[in-house]
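Working notes, beginning with the structure itself.
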Amino acid sequence: MRSAPIDLPADKFREAGHRLIDDVADFLSDIATHPVAPGLSPAETRALLPTGGLPDGGADPATLLREVTELLLSKSTLNGHPRFFGYITSSPAPLGILADLLAAAVNPNVGAWSLSPVATEIERQAIAWIAELVGYPPGCGGLFVSGGNMANIVALIAARAAQLPGNVRARGVTADGQRPVIYASAEAHTWVQKAADMIGLGSDAVHLVKVDDRQVMDLHDLRETITRDRAAGFTPFIVIGTAGTTATGAVDPLGEIAEISRDEKLWFHVDGAYGAPAARVPGAPSELAALEFADSIAVDPHKWLYSPLEAGCVLLRDGRLLPDAFSYHPTYYHFGEIDGEEPVNFYEWGPQNSRGFRALKVWLGMRQVGRDGALRMIADDISLARRLYEATGAHPEIEAVTCSLSIVTLAYVPGDLSARSTEHEVFAYLNELNEALLTAMVDGGEAYLSNAVIDGRYLMRACIVNFRTDAGDVEAIPEIITRIGQSIDKDRRPAKLR
Ligand SMILES: *Cc1c(COP(=O)(O)O)cnc(C)c1O
């Protein structure tokens, strides 16, 4: 019998696996007692790893697994912690953790149906269910990808192939001298620039539309920019609405953008990476109802469907436009009809060739909670954010600035400076103070918030996509902020502002 050093006999696998599951279960049960973040520098973190180069010989797998479990569970930033409110990163669903293990065990290659028969059909069903959840026609097509960026980029590439004149797939986007243009608001996520750059349009092809004081797209500016660009010889082809901006959770006026796109014969894409799952939640912004008019939508199950990373999903009203934009037929693939049906081979639907089974954790999660459970958790996150907004706003030294979907922005403002906060020097100092406060809070491991900048103002920002967070967690925030804020203010305040 061959002895391969990578193999693990079944009894050893079982023993190491049971221990791992026990350790993870213990970790999940007392996660709230861990610091949210380890507060270590890059050098301190590197010092935790083995010294030296690639080892010549191997090591005992059970020992390795135990050591790295201990390392990761004790020295990581924990987005599963009930007080993790940074960026838009959810607590991972426990069933999703197990699903990833199972997916790796079966290891289907979800690039081709015949390499992943059950997995491909599960992915197709998961896509249809996500569409239903967000109120999109279930007859749409879609694809799982790594996250929101890729979901959006795949949609943009499909739009490019469908909208631009000539054979752009063969001749390139600018072959006929055209200058394609993309519209998105100034608050859109930077995937737009990255995508325009990656696909050879260049980031200058992104024409940013102004936002109003609610941080949403100014429709008048959109219309004017399109008209001006057409007159200048550009080729507009897509308008991107954001359903939940990353900074403040603002939702663009999607219904109106859909109408303008229709009138102008432009593709209407919605970046719903964050907010789309809230579309059918009672009380959520009514603009989300217009998701159904989009030509494509990006949704991020690793955000508000609480799936472990990575899981993004792109939906296209007309699913055939994905193979139209991505399909090639290598001679070494022979994936034809099976039983009179042409099966879906996802390698033809997007940029990836071999593909993992991301859909399993998402599909299982949706079955575990159902539509009602999903909507209830999102509604709970939204009301906790509202509660945080009210609890911080009620504190004399905190200004609660915005609250939309489950994102709250706020600033620490020492009482004696609040009346002077628009003075140039005070404004600059408050920015510095809030940035230092945020850094200290994250390093201290009590709670994890991130930041937003609105009109040059540095704000702390909490986003709750966290099924572990409860009222006690959000009500603890004002005390944490003011305690750390007061101590930094005492050390840092310049003499002339005292
Ligand atoms: C998070 C987010 C993205 C990027 O998604 P990733 O999963 O991080 O790639 C894009 N757009 C919006 C609106 C987002 O909130």
Original post:
For a paramagnetic label modelled at 7 Å from the Cα of Tyr328 toward its Cβ, which residues of segment 150-177 fall within the zone defined by backbone nitrogen distances under 12 Å?
Top reply: 170
**OP:** Run the quick spin-label model on Asp213 and Tyr87: label points 7 Å from Cα toward the beta carbon, then report their separation in nm to one decimal.
**Re:** 3.3
Original post:
Roughly how many percent of the accessible protein surface of the chain is carbon and sulfur, given a 1.4 Å probe and a whole-percent answer?
Top reply: 53
Subject >> Simple spin-label estimate for Arg483 and Ser41 in nanometres, 7 Å along Cα-Cβ >> reply: 2.6
Original post:
In what sequence, highest mean first, do 71-82, 293-304 appear when ranked by Cβ atoms within 10 angstrom?
Top reply: 293-304, 71-82
Original post:
What full-extension length gain, to one decimal in nm, is calculated for Leu54 and Arg320 as 0.36 nm per residue of separation minus the Cα-Cα distance?
Top reply: 91.1 nm
Original post:
Given charges of +1 on the Cβ of Lys and Arg and -1 on the Cβ of Asp and Glu, with all other atoms neutral, how large is the dipole of the chain about its Cα centre, in debye to the nearest 20?
Top reply: 420
Subject >> Two-site FRET efficiency, Val453 against Glu259, from Cβ-Cβ distance with R₀ of 35 Å, rounded to 0.05 >> reply: 0.65
Original post:
Using a 1.4 Å probe, what is the accessible area per residue for segment 233-330, in Å²?
Top reply: 32
Subject >> Stokes-Einstein D in µm²/s, Kirkwood radius over Cα pairs - segment 233-293 at 10 °C with 1.306 mPa s viscosity >> reply: 134
Subject >> Listed residues Ala184, Val118, Ala162: farthest to the positive end of the dipole of the chain (Cβ charges) >> reply: Ala162
Original post:
Counting only protein chains, not ligands or nucleic acids, how are Met1, Met217 ordered by accessible area (probe 1.4 Å), most first?
Top reply: Met1, Met217
Original post:
Between Gln178 and Glu224, what is the FRET efficiency for a Förster distance of 30 Å, r being their Cβ-Cβ separation, to the nearest 0.05?
Top reply: 0.90
Subject >> For the chain, with +1 on Lys and Arg beta carbons and -1 on Asp and Glu, the positive-most of Ala196, Leu322, Gly57 along the dipole >> reply: Ala196
**OP:** Summarise the long-distance tail of P(r) for the chain by giving the % of C-alpha pairs beyond 32 Å.
**Re:** 49
**OP:** At a Cα cut-off below 13 Å, give the aspartates and glutamates reachable from Lys194, other chains included and same-chain residues fewer than 8 away excluded.
**Re:** Asp204
Subject >> Of all DSSP beta bridges in the chain, antiparallel share, percent nearest 5 >> reply: 60
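The values are calculated or read from the model by the stated rules, or taken from the named source; none is laboratory data. Just so you know, these numbers come straight off a predicted model, no measurement behind them. Glycine also receives a Cβ, built like all others from the backbone with ideal geometry; neighbour counts cover every protein chain displayed. Protein only, heavy atoms only, side chains kept; ligands, DNA and RNA dropped before computing areas. Shrake-Rupley method; radii C 1.70, N 1.55, O 1.52, S 1.80 Å.
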